[in-house]
Amino acid sequence: AEFRLLDQSENWVALMKPAGFHVHPHEDGTHRVPRDKVVLYQLRRQLDSFVYPVHRLDAGTSGVLLMALNSEAASFLAQQFQNRKVRKVYHAVVRGWTEDAGEITQPLELDSTGEPA
């Protein structure tokens, strides 16, 4: 799979991650993910360069994914995400009708790992 690159510098690359791709291999070896469905492997092949994940999107989620191109950038960017210096915006496709504007305060359900589903 070739990913659509949105922007690239000497330190990082932003790409569009399609739904169905895992950012990196599953940490639990019992959950095998084919290499052709892992962004880390496919992007390394596409760029012919080592890349470092600095954040993730769930496999079922499509969206912009930022990967570092060197260890220094990986450390810096991961720290920015950890310290909430990066503004993330999520959009959802829903069925039904909503008000034109408002705030949803319903908590997300948790998946089997205890993370929001």
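How many angstrom separate the Cα center of region 1-33 from the Cα center of region 69-96?
Cα centroid of region 1-33 versus Cα centroid of region 69-96: 13 Å apart.
With a Förster radius of 41 Å, plug the Cβ-Cβ distance of Ala101 and Arg35 into 1/(1 + (r/R0)^6) and report the FRET value to the nearest 0.05. It would help to have the intermediate numbers written out before the result.
Details: r = 44 Å, r/R0 = 1.06.
The calculated FRET efficiency here is 0.40.
Suppose all protein chains stay in the model; what accessible area per residue would a 1.4 Å probe give for the chain, in Å²?
For the chain, the per-residue accessible area is 79 Å².
Report relative contact order for the chain in percent, whole number only (criteria: Cα-Cα under 8 Å, sequence separation at least 6).
The normalised contact order for the chain reaches 22 percent.
Label point 7 Å out from Asp7 along Cα-to-Cβ: which residues of region 73-89 have amide N under 14 Å?
86-89
Ranked from highest to lowest mean number of other Cβ atoms within 10 Å per residue, what is the order of the peptides 36-47, 73-84?
Going by the mean number of other Cβ atoms within 10 Å, highest first, we get 36-47, 73-84.
Given (1) 0.92; (2) 1.00; (3) 0.97, which label gives Rg/Rh (Cα atoms, Kirkwood Rh) as computed from the coordinates?
Derived directly from the coordinates: (2).
The values are calculated or read from the model by the stated rules, or taken from the named source; none is laboratory data. Everything quoted here is computed from the prediction, not taken from an experiment. Using ideal geometry, Cβ is built from the backbone for each residue, glycine included, and neighbour counts are taken over all protein chains shown. Calculation scope for accessible area: heavy atoms of the full protein, side chains included, ligands and nucleic acids excluded. Shrake-Rupley method; radii C 1.70, N 1.55, O 1.52, S 1.80 Å.
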